[in-house]
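Notes for the one structure printed next.
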Amino acid sequence: MLEQPKDFIGNILAILTSKPLARPDFKDIVAKWKMVVVLETDYYPVTIRFDKGMRVEHGDIPHPTLRVNAKLSTIIELVKGKTSPIRALLNGGLKVKGILRHPRATLRFYRLISSSLKR
Amino acid sequence: MSPYESVIADWLHRCNRCGTCKYIFRDYGPSCPSGEQYRFESYFASGRISIARALTTGEIDWQESLLKPTFACTECGACQIQCMAPHREHIVEMIEELRSLVVDKLGPLPPHRAIAESISRKHNPYEATHHNREIVQQLNLPDKADTVLFLGCTSNYKETSVRDATLSVLKKAGINFTVVDEYCCGSPLLRTGQRAFARQAAEHNLEAFEKAGAERVITSCAGCYRTLSKDYKKLGFDLDIDLLHSVQLVNELLTEKKLKVTQQGSIGRVTYHDPCHLGRHMGVYEEPRQMLGVLPVEFVEMHPNEKNAWCCGAGGGVKSSFPELAQATAAIRLGHARAVNADILVSACPFCKRNLSDANQGQVAKVLDIVELVDLAT
Amino acid sequence: MSLKQKLISIVGEQYVSDGLAEKYVYSFDMTENPPKRPAMVVMPESVQQLQQIVRIANKDRVPLVPFVTGQNIGGLTIPQVDDAVTVDLKRMNKIVEVDDEAMYAVVEPGVTFGHLRKYLDEHNPSLTYTYPLAPPYTSVLANALLQGLCDLSTMRGAMGDFINGLEAILPTGEIVRAGSAIMGDGNWFGRYPLPDLVGLFSGWQGMSGFVTKIAVQLWPKKQFTRHAALFTFGEVPTTELLKRIARAQLIDDADCMSLSIVKMLLGVSPPVQVYGGEPDYGTLLTLSGNIEKEADAKYELIETFVEDARKNESRQLLVDWDAISRMLGDQAKSWVDFPSDAFKVLTEYDGLTWVGTYIHPKHWGEALSGGRKIVEKYGFELMAYLKPMNSMHFGEFKFIIRFPKDDATVEKVRHCNEELLDFALSLKALPYKTPVWAAKKLQQNADPGFVELLKRIRKTLDPNGIMNPGRWGL
């Protein structure tokens, strides 16, 4: 489903998402998505492309469907379960641009992330 | 043109001799029979890969002294299980290609040449009179059947009790099968670098399967099973036939109660030796264990087992050319069986049975094939 | 009687070979150092057999090259002269003794880290030895004598410091002991108070005799061990933070490596590149305590050090192992699994090398940034590896290169390593597991009195110059 990214954060995302994407039903659902999410971090941005699967690339692109901003330390807090995506959104640790224009994409990305963070 | 591509060339600059192949990963027990016997670095997988590389790049020339390190290896594949380098899945292929190159330049080892000559003349490596069709007559088997039992030369000419037990079990289960005019599957040729002759054997056998209308082929020999399943494809033959080792079929028959256990009381304390051709090379580990779970035996695992199992010592042309290696390797395996106080050492390969029986000096009371155990108990 | 016949009469025909395969396989190691074939290979099983071999060699002036398990680097087992006999010691593989009370193990040359670990787990489960970033089947004895580093080095120093004593065969054939076991067996507790004759063998690369037994210190296994990962930016800030942590003696070990190596563990295929914004280094921290509170308190203190460092670089990040396990998946285990798994990233090609040095802490950061520029100039993957040593009395750094051994790449590796070494020597660093070419450069920079003393000791111990001649450039 996901070809191995070459960068560090891309690899972390690949490992985190590998669990839900290993489920055939969810994999089929994600395979139908067509959107681009840029994850901006305090380290560097990555571009996550959903188009017949998922691909993570190092770097930014203009005009993604969603632009998500979080420090790596926030991502780690999410991984550890010390905060949730909703709580991080509310306290500003996680910012998302494009929620109103692309609510469906937001919901999809949220679904992927929240199932990736499940223990 | 050879149907084989050069695996040595593909993986020329990979092995840095880290030595991980020499021992069982995280267990630290030995994994390489050849290396343990001869101890020089040249007798471990990494040594052979070095030799292959050096011959390819021209760093060394062809000399008789290369023969022993090249051929004194059972090709058990334990090195492939332990290795963590990128070429790990191709080590045995590299060794087989090295052997083929050495045979081209220096000729085969005399016992291996004799095997090839016997196969050419009598269609088996044992100089035995070819007689498959007699079994058809004796057992009144049909000319054609969906299921073909491929007897295998060791079972048909040496360990005939394995052949007879397999025939008996299939009969008891009511399987409609026949036996074809089979030739040696070619395994001894492929393992000893004599690839050219193996092709002829494959062609003959496939024609025989087709003539019999076979939809599936069953064999009790782990070596035949691997060769028919894997090597024929590498030789460029497209097999539209299901290939099964007898343990796969018999396990199903036992599970579905098409074979009923009739034996009362325990046959004994049994341990199972994973044949390299069946286990590491073909990935069949579960079925024989499930069978032993159903049979009236006290089953005990010896160590190392499954993918880390210690080789019986017979394969790769070793039994004919390096009897001291075959004997020493089998003795170690028998020691493993003794360490768990097994009375009966069971395998699923007539060649394993043969070598382990030859080396048995009372470590176990009996060495049997699993199909013999099934025949006894049903 | 020919030399071969004499050797056969000692060890048996099966364990002597002058076949092409053996001569070739024993002629090189994984590094770029030039190969040279021995005349033959002999494999003794006992001290007595080895002693007889040495006596014959001394009488007949035959050069001997010690060899153990085959995972060699630095060209250390490659003969430097013609007609040498390689002495493969892997059959001498007994664990002679483990003393639970004085916490040491006495082992023969062929005992590997894997085998010692297995033995201790089975027989002395409260004790542990240390493990290097090496394949599991490397020789405990060879690593100790070569003064390498391991997974307790941050706290306790180089493996040469763990030697309690040894037994050796001198080049003239006598068997001698150094350390407390001069008083007899079962008494290998230490080296002092005595003239420290272990130094006649430690670091000599087999030039002063064959060490046939070595006593190494073991340590009690602590009840609680914790791991954490530190991701950092910049050579100087990274080394400064590691110095602070190491000096506080909070950690058993710190394995600091270029992030590329972490990515290799994650399975990123070669060539592994560095991307802008990625942390420069990932450090595996190991700390332990007899009670959980002790380990927790150490971890908390490390957190405060990292918080301080974040004032200058907010991206410096300490991550506990729970999060690392989730972020790195199964490969997190590989990072902490010694001596088995971590070496796999170094098996990509048939070539593997490094210039490794021990260095004054004040030059550590500078050495790292300068070395990085050299490796980048040559276009190799960035694989720096560094470790605070002996509670920060000194630092270690090396630049590892994994490479296919084709002629052009080997030549490029040689140039890169030479430049790395020149730079390291300019900072007064000392190369370890030193190849001959590097030893020659070291001699040009070292106090001439030291080199003269080496030569004099060697002449005294080995008047006929049979033991590994040419090593150390002597």
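The values are calculated or read from the model by the stated rules, or taken from the named source; none is laboratory data. Because the structure is a prediction, the values reported are computed rather than measured. Neighbour counts run over all protein chains shown; Cβ positions are idealised from the backbone, glycine included. What goes into the accessible areas is simple: the full protein's heavy atoms, side chains included, and nothing from ligands, DNA or RNA. Shrake-Rupley method; radii C 1.70, N 1.55, O 1.52, S 1.80 Å.
Rounded, prolate or oblate: which fits chain A when a ≥ b ≥ c are the square roots of the eigenvalues of the alpha-carbon gyration tensor, with rounded for a/c under 1.5 and prolate only if a/b beats b/c? Taking the square roots of the gyration eigenvalues as a ≥ b ≥ c, chain A is rounded. Compared with the dominant principal axis of the Cα atoms in chain C, helix C:292-310 is inclined by about 70°. Relative to the dominant Cα principal axis of chain B, helix B:110-122 is inclined by about 40°. Near B:E215: Cβ cut-off under 10 Å, other residues only, Lys/Arg at +1 and Asp/Glu at -1. The net charge is -2.
Using a probe of 1.4 angstrom, how much of the accessible area of chain C is carbon and sulfur, in percent? Mind showing how you got there, number by number?
Working: 8660 of 16990 Å².
Here carbon and sulfur together make up 51 percent of the probe-accessible area.
Look at the stretch A:4-16: the mean tally of other chain Cβ atoms within 10 Å of its residues' Cβ atoms is 6. Each stretch of four or more DSSP H residues adds -39500 (n - 2.57); spread over every residue of chain C, this sum gives -10500 deg cm²/dmol at 222 nm. Taking trypsin sites (Lys or Arg not before Pro) as exposed when their DSSP state is a loop state and no more than 10 other Cβ atoms lie within 10 Å, the longest site-free interval of chain C runs over C:62-310. Over segment B:190-268, with a single point scatterer placed on each C-alpha, what log10 of the ratio I(q)/I(0) does the Debye formula yield at q = 0.15, 0.18 1/Å? Evaluating at q = 0.15, 0.18 Å⁻¹ gives log10 I(q)/I(0) of -0.64, -0.80. Across peptide C:401-408, the average count of Cβ atoms from other chains found within 10 Å of a residue's Cβ is 2. Relative to the longest principal axis of the Cα atoms of chain B, the long axis of helix B:160-172 lies at roughly 40 degrees. Computed over the alpha-carbon pairs of segment C:283-413, the distance histogram in 10 Å steps reads 10, 28, 39, 19, 4, 0 percent, short to long.
What relative contact order, as a whole-number percentage, does chain C give when Cα pairs under 8 Å and 6 or more residues apart are counted? Each step should come with its number before you reach the end.
Details: 997 pairs, mean separation 79.4, N = 474.
After rounding, I find 17 percent.
For C:G165, the residues whose modelled amide H falls within less than 5 Å of its own, excluding neighbours fewer than 5 places apart on the same chain, are C:A215.
Report the GluC sites (Glu not before Pro) located in segment A:1-74 that are in a DSSP loop and have at most 13 other Cβ atoms inside 10 Å of their Cβ, or state none. Show your work: numbers first, answer last.
On the way: sites: A:E3, A:E40, A:E57; in loops: A:E3.
Sites meeting the loop and neighbour criteria: A:E3.
What dipole magnitude, in Debye to the nearest 20, does the protein assembly as shown give about its Cα centre under +1 on Lys/Arg Cβ and -1 on Asp/Glu Cβ?
Working: 115 positive and 113 negative charges, 315 e Å.
With only Lys, Arg, Asp and Glu charged at Cβ, the dipole is about 1520 debye.
Taking every DSSP beta bridge that has both ends in the protein assembly as shown, the antiparallel portion is near 70%. Other protein chain C-beta atoms within 10 Å of residue C-beta, averaged over C:342-350: 6. Does the protein assembly as shown come out rounded, prolate or oblate by the C-alpha gyration tensor, with a ≥ b ≥ c the root eigenvalues, rounded set by a/c under 1.5 and, if not, prolate when a/b is larger than b/c and oblate if not? Because a/c hits 1.5 or more and a/b fails to exceed b/c, the protein assembly as shown counts as oblate.
I'd like the carbon and sulfur percentage of the solvent accessible area for segment B:7-107, probe radius 1.4 Å, heavy atoms only, ligands and nucleic acids excluded. Numbers along the way, then the final one.
Values: 1350 of 2930 Å².
Result for segment B:7-107: 46 percent of the exposed heavy-atom area is carbon or sulfur.
Loop-located GluC sites (Glu not before Pro) in segment B:170-236 (DSSP state not H, G, I, E or B) with no more than 16 neighbouring Cβ atoms inside 10 Å: B:E215.
Per the 1.4 Å probe, what fraction of the accessible area of segment B:178-268, in percent, lies on carbon and sulfur atoms? The partial results should precede the final answer.
On the way: 1740 of 3770 Å².
Result for segment B:178-268: 46 percent of the exposed heavy-atom area is carbon or sulfur.
Close amide H pairs (under 5 Å, H built 1.01 Å from N) link B:I24 with B:G29, B:S31, residues at least 5 positions away or on another chain. In this entry, segment C:95-220 is assigned a mean projected area of 7.2 nm², taken as a quarter of its C-alpha convex hull surface.
Going by the alpha-carbon gyration tensor, a ≥ b ≥ c the square roots of its eigenvalues, is chain B rounded (a/c under 1.5) or, if a/c is not under 1.5, prolate (a/b greater than b/c) versus oblate? Oblate shape, in that a/c is at least 1.5 and b/c is the bigger or equal ratio.
Order these peptides, B:341-347, C:234-240, A:84-90, by their mean beta-carbon neighbour count within 10 angstrom, highest first.
Details: B:341-347: 22.7, C:234-240: 19.9, A:84-90: 14.6.
Top of the packing list down: B:341-347, C:234-240, A:84-90.
Binning at 10 Å from 0, report for segment B:173-227 what percent of all alpha-carbon pair distances ends up in each bin. Distribution as computed: 22, 51, 22, 4, 0 percent.
Relative contact order, percent, of segment C:95-220 when contacts are C-alpha pairs under 8 Å separated by at least 6 residues?
On the way: 253 pairs, mean separation 38.4, N = 126.
It rounds to 30 percent for segment C:95-220.
Which residues in segment B:156-193 place their backbone N less than 13 Å from a point set 7 Å from the Cα of B:D104 along the Cα-to-Cβ direction? So the set is B:193.
In percent, what relative contact order does chain A have, based on Cα pairs under 8 Å that are 6 or more apart in sequence? Numbers along the way, then the final one.
Details: 183 pairs, mean separation 28.0, N = 119.
Relative contact order for chain A comes out at 24 percent.
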